[in-house]
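The structure appears below as structure tokens.
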Amino acid sequence: MSYPKPSEAPEEFFHYLKSLNVDIAVTAFVHNRNQPVPGPNGQFRHDAAQNWCEQMDLLVGKLGRVLAVNTDHQDVFGSLYELCMKTIAQSRLSWPIKWRQNRSDEADKKKMEEDRKRLDKLAIEEEVETIKAAEREIELKKQALCDAQKAAHVFVIDNDDEDDDVASVSTVGEQGVLKKMTKRQVEEEARKKMEQTVHATRCTTCTKSNELICTGPIGHACNVCWKVKKSCSNGSRHHTRIKEEPTSPAKLTAKCKAYSTSGANSIGKIEVFNEADIPQGSSKQQKTSAGATAPI
């Protein structure tokens, strides 16, 4: 099919486009003919040239879609598409080099700004993750402290007389019934009411027993050392007791060591009372007399 060429007979080509009833083609042709012209000094108005090129790019994109779906007049729309692309290229080449450089600088600046925003967003996300990790660590420490406080309720039953003695303190239980507590229990309740802390470094006892944390009242022995009645490197020393060297029936010695209350050094030996050394008499009075004169 013959049709007027847009570069040779633009008016006839314009009327021919109108007869095809394709508005985007007519709009693209009109916009192509209204390209900006340089001023008296041969310079373009930068803003006008930029707006025209941006609008022309949009129209060419739409015209390309029309060209892909309209198979009846592909030659007509194809010639219009080539004309618009050629006009855009010529217009941009005619822009001053300095203005093109400014356009390039603006694009680089815009890209740098986008990169900065992206990096700021990543930094904020990393900071949020760090805060969440710290919060999780705090929650774990709180849970560990709570578990340690609950574990303090279960303590080693001592055979010491002072632990078995009932203290002169009576408390009201959960059911409103008075209950008596041992001195050990009273001390334990007092420790619970003290301000608790988690020591930065585990003490020797906690390290040996593979405890995760070393916790206890501030200025006092940790809970683990208090339960086993040992001195704690993270708090005050537990009350000192006199130690006796354990003996077995198979290896019964005549003497046992006695230790001072300030250390582990022995201060002397105490003879053990042995019934075998008592002379056997015929009467109860002789046994009593012999026992009274036996060495101690």
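Computed from the coordinates by the stated procedures, all read-outs in this text should not be read as laboratory data. Because the structure is predicted, anything quoted here is derived from the model rather than measured. FYI the Cβ positions are ideal-geometry reconstructions off the backbone, even for glycines, and counts take in every protein chain you see.
Between Val30 and Met194, the simple spin-label model (points 7 angstrom out along Cα→Cβ) gives 9.2 nm.
Starting from the Cα of Gln143, move 7 Å in the Cα-to-Cβ direction to define the label point; list residues of region 116-130 whose amide nitrogen is under 19 Å from there. Residues 130 qualify, since their backbone N sits under 19 Å from the label point. Once the Cα-Cα distance is subtracted from the 0.36 nm per residue extended length, the Lys150 to Lys111 segment shows a gain of 8.2 nm.
Computed from Cα atoms alone, the Kirkwood hydrodynamic radius reported for region 10-95 is 13.5 Å. Taking amide H as placed 1.01 Å from N in the peptide plane, the amide H of Thr182 sits under 5 Å from that of Ala167, each at least 5 places away or on another chain. Full extension of the chain between Leu122 and Tyr16 yields a length gain of 32.5 nm, computed as 0.36 nm times the residue separation minus the alpha carbon distance.
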